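Read the structure below first, then the notes.
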Amino acid sequence: MLERALADLATNAEQTAAVQERNHCVVLAGPGSGKTKTLTTAMARCLVQDVIDPRGVACITYNNDCAIELETRLAQLGVASNDRAFIGTVHSFALTQVILPYARCLPGLLPNEFRVASLAECRTAVEVAYSQVFDDHLDPHERWRFAEEKRRSVVDRSLPDWRSRNPELADYIEAYEAELRRRGLIDFDDMPLIAFRMIQQHDWIRSALRARFPVLFVDEYQDFGHALHELVLLLCFVGGMRLFAVGDADQSIYGFSGADPELLQNLVGRPDVRVIRLRFNYRSGAKIIRASLGALGEERDYREREGAPDGDLFFWKVKGDIDAQARAIGKQILPGLLERHPAEEVAILYRAAWLGDKIAAVLDGEDIPYVRTDGNALIKRSSRLARFIEGCARWSTGGWREAAPPYSRLLSQAKALVFGGRCSETEEQILSGQLIAFLRSGIESDETTHTWLQRFWHELIVPWRTVTRNPQEEWDVCSELVTRTDPARGEDVALNIFAGRTEGTGRVSLSTLHSAKGREFDGVILFNMNAGAIPNQHDKKTPTALREARRLFYVGVTRPRKELAIVYQDANPSPWIIELYKRSHQA
């Protein structure tokens, strides 16, 4: 399978060069350029040809969705998820590969039985720390926003910057962290920060990590902030790991969480890093590619694949307000799109989750099934447990036939949830027995989601909570889903709908532009592309914010394979729509 994948890349010189590179490498990959295929093929080739068992590779991803996608692609190349290939977020890497294995060797670093703080516990620690540092009655959480920004951007606290700039915020942060430790807690931002200090201060930890993972892969580098960047510099350019990073500064849209596209440019400018650009867009046709450059507002050397159709691009001017636009989508635009592309995946993308509520209400009235992946979705996909629950539901509602998802992946996720990834053979057998018994009992059972979730809680979560060694407490995600699907609240649905299985009807996804990043669809409808909405007043406050908003618009325009429909208020289009229109109509 690896040989076939390598042969498939042979017609693309850039992809082939990236996969075969054996020194530090940064791949700049535009939309639809085969980024994930290049990354997973490079990982598989490295595991087969470069790294001798039992050594392996580590791959850091932006979120759990990316990790699952990479695991799936590697499995298709014959590389099973195991101890040789770590794939996970920077927080997961810091916790499971650095803190849990080595923190006990450093007396006084952390409480022996620490766990990850809940949101309520973090808020309490913020309030306690504020009362210790500041002698006023202002809102501690308002000031904590500035402290969070400093905490994320100044990773190395041995540098003068930590105290020379806003020293009162440094005191606030240190008081907050001390309060967490007093309670036996860490938070998510702690994980990469603690891991960085451990690796920086102890050569033997760097050596141990390099011995286990001589190659470090990083996906979507532009989405990360300073903590990951400093870890990469330390592990790869001080500690001796080989780096393979993939990213695209044009798709950096997470500035609110500390992402900084300049960090990717920092890597690109290093003389000891080979930079390879992927120029061919295998996803979209020429017309959509031209439109995307109009959306970005800058020139890029992107080309469509040979023989690709132009793709279809439609501009829908709707008279009336946002509700009128939502009705036009549900009653005219979406039905026509589904008729042209039956049983294919279609997405309606928008700026904020409240806009998804308006679309959902219209689709409910039209009896059009859909799956939401925005902030108001029934299942919060940012949670590892939530994604595991959804995967189990997909397996029981037909996924077992085509191994989608494969049982091995579900078992691997269960081990990570309960034991942090590693467990004894006996523990794995017990866990597997419980999991397969539950999954089989759900096949063709005609249970509603609420009833199925109740069984999930009693048959899996209850016994797993008694043996867990994972300090990340996520179990309440399941109880929250049980509550939210209670028929008394009117939110119970058929299990196949909860699992995202709507075969034969065309799969319609409702998603924010942020949540759609990294995904692709046969058809895309962009909703509420009005002047004043994109960009909005907040975007116009700073040049940095405006540039990120433009990249967000670009991400939406580059999602479709075949068809893009842009919906906006008549006579009130976003100025970026006007630019896109002009660019798309160039010869």
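The values are calculated or read from the model by the stated rules, or taken from the named source; none is laboratory data. Quick caveat: nothing in here was measured; it's all calculated off a predicted structure. All Cβ positions, even for glycine, are placed from backbone atoms using ideal geometry, and neighbour counts span all protein chains on display. Keep in mind that these areas ignore ligands, DNA and RNA; they rest on the heavy atoms of the full protein, side chains included. Shrake-Rupley method; radii C 1.70, N 1.55, O 1.52, S 1.80 Å.
Restricting segment 170-207 to residues that are of a type in the set (Gly, Ala, Ser) and either modelled with pLDDT under 95 or open to solvent by less than 30 Å² (accessible area, probe 1.4 Å) (or both), which is nearest to residue 471 (Cα to Cα)?
184
Mind checking whether some residue in segment 239-247 is open to solvent by 20 Å² or more (accessible area, probe 1.4 Å) and either at pLDDT below 95 or of a type in the set (Asp, Glu) (or both)? Give the derivation first.
Step one: list which residues in segment 239-247 are open to solvent by 20 Å² or more (accessible area, probe 1.4 Å), which gives 240, 242.
Next, only the ones that are either at pLDDT below 95 or of a type in the set (Asp, Glu) (or both) stay: none.
No; the residues of segment 239-247 include none that is open to solvent by 20 Å² or more (accessible area, probe 1.4 Å) and either at pLDDT below 95 or of a type in the set (Asp, Glu) (or both).
Consider residue 387 against the criteria (1) closer than 26 Å to residue 92 by Cα; (2) in contact with a strand residue (DSSP E or B) (Cβ under 6 Å, 6 or more places away or on another chain); (3) open to solvent by 40 Å² or more (accessible area, probe 1.4 Å): it satisfies all of them except one. Which criterion is unmet?
(2)
Give segment 78-102 a look and list any residue that's closer than 30 Å to residue 146 by Cα, touching a residue at least 40 places away in the same chain (Cβ under 8 Å) and either β-branched (Val, Ile, Thr) or surrounded by fewer than 19 Cβ atoms within 10 Å (Cβ to Cβ) (or both), or say none.
Selection gives 90, 96, 98, 99, 100.
Do we have residue 69 as within 28 Å of residue 428 (Cα to Cα), acidic (Asp, Glu) and open to solvent by 10 Å² or more (accessible area, probe 1.4 Å) here?
On the way: within 28 Å of residue 428 (Cα to Cα): yes; acidic (Asp, Glu): yes; open to solvent by 10 Å² or more (accessible area, probe 1.4 Å): yes.
Yes.
Look at residue 289 and say whether it is closer than 19 Å to residue 519 by Cα and touching an Asp or Glu at 6+ places or on another chain (Cβ under 6 Å).
yes
Could you tell me which residue of segment 378-405 is modelled with the highest pLDDT, considering only residues that are polar (S, T, N, Q) and over 16 Å from residue 495 (Cβ atoms)?
Among residues in segment 378-405 that are polar (S, T, N, Q) and over 16 Å from residue 495 (Cβ atoms), the one modelled with the highest pLDDT is 383.
Kindly provide the set of residues from segment 407-433 that are assigned to a loop (DSSP other than H, G, I, E, B) and either farther than 18 Å from residue 88 by Cα or modelled with pLDDT of 90 or more (or both), ordered by number.
Residues of segment 407-433 that are assigned to a loop (DSSP other than H, G, I, E, B), as a first pass: 420-424.
Within segment 407-433, 424 is the sole residue that qualifies.
Is there any pair with a first residue in segment 352-365 that is charged (D, E, K, R) and a second that is loosely packed, with under 14 Cβ neighbours inside 10 Å and modelled with pLDDT of 95 or more whose Cβ atoms are under 8 Å apart and which are 6 or more apart or on different chains, and what are they?
So the pair list comes out as 358/323.
Cβ-Cβ under 8 Å, sequence separation 6+ or interchain: first residue in segment 144-169 and modelled with pLDDT of 95 or more and surrounded by fewer than 18 Cβ atoms within 10 Å (Cβ to Cβ), partner part of a helix (DSSP H, G or I) and of a type in the set (Ser, Thr, Tyr). Which pairs?
none
Anything in segment 180-218 that is among the β-branched types (Val, Ile, Thr) and within 25 Å of the chain's Cα centre (by Cα)? List them, or say none.
If the condition is that a residue be among the β-branched types (Val, Ile, Thr) and within 25 Å of the chain's Cα centre (by Cα), then 186, 194, 215, 218 are the ones that fit.
With a cut-off of at least 2 residues that are open to solvent by 10 Å² or more (accessible area, probe 1.4 Å) and at pLDDT below 90, name the helices (runs of 4 or more DSSP H) lying wholly within segment 482-579.
Here the list reads 495-498.
Conditions first: (1) open to solvent by 10 Å² or more (accessible area, probe 1.4 Å); (2) at pLDDT below 95; (3) in contact with an Asp or Glu (Cβ under 8 Å, 6 or more places away or on another chain). Residue 252 passes all but one, so which condition is the exception?
(1)
So which residues in segment 452-467 are under 20 Å from residue 439 (Cβ atoms) and either in contact with a strand residue (DSSP E or B) (Cβ under 8 Å, 6 or more places away or on another chain) or open to solvent by 40 Å² or more (accessible area, probe 1.4 Å) (or both), if there are any at all?
Of segment 452-467, the ones under 20 Å from residue 439 (Cβ atoms) are 452-465, 467.
454, 455, 457, 458, 459, 462, 465, 467, listed by residue number.
Given the conditions (1) more than 30 Å from residue 233 (Cα to Cα); (2) touching a strand residue (DSSP E or B) at 6+ places or on another chain (Cβ under 6 Å); (3) of a type in the set (Val, Ile, Thr), report the number of the one that residue 322 does not fulfil.
The number of the failed condition is (2).
For segment 181-228, which residues satisfy the criterion of being closer than 26 Å to residue 45 by Cβ, outside any loop (DSSP other than H, G, I, E, B) and either among the aliphatic types (A, V, I, L, M) or touching a residue at least 40 places away in the same chain (Cβ under 8 Å) (or both)?
Those that are closer than 26 Å to residue 45 by Cβ, outside any loop (DSSP other than H, G, I, E, B) and either among the aliphatic types (A, V, I, L, M) or touching a residue at least 40 places away in the same chain (Cβ under 8 Å) (or both): 208, 209, 211, 212, 215, 216, 217, 218, 221, 222, 223, 228.
From 125, 117, 75, grab the single residue that is surrounded by 15 or more Cβ atoms within 10 Å (Cβ to Cβ) and modelled with pLDDT of 95 or more.
125
Checking the conditions here, which among 283, 270, 274 is under 25 Å from residue 34 (Cα atoms), touching a Cys at 6+ places or on another chain (Cβ under 7 Å) and open to solvent by 20 Å² or more (accessible area, probe 1.4 Å)?
When all the criteria are applied, what remains is 274.
Can you name the number of the only condition in (1) at pLDDT 90 or above; (2) within 27 Å of residue 172 (Cα to Cα); (3) among the polar types (S, T, N, Q) that residue 49 fails?
Residue 49 satisfies all of (1) at pLDDT 90 or above; (2) within 27 Å of residue 172 (Cα to Cα); (3) among the polar types (S, T, N, Q) except (2).
Starting from residues that are at pLDDT below 90 and among the acidic types (Asp, Glu), keep the ones in segment 322-363 and report whichever is nearest to residue 514 (Cα to Cα).
345
Is at least one residue of segment 323-341 open to solvent by less than 70 Å² (accessible area, probe 1.4 Å), within 22 Å of residue 530 (Cβ to Cβ) and outside any helix (DSSP H, G or I)?
No; the residues of segment 323-341 include none that is open to solvent by less than 70 Å² (accessible area, probe 1.4 Å), within 22 Å of residue 530 (Cβ to Cβ) and outside any helix (DSSP H, G or I).
Among residues belonging to segment 307-318 that are more than 28 Å from the chain's Cα centre (by Cα) and more than 17 Å from residue 574 (Cβ to Cβ), point out the one that is modelled with the highest pLDDT.
312
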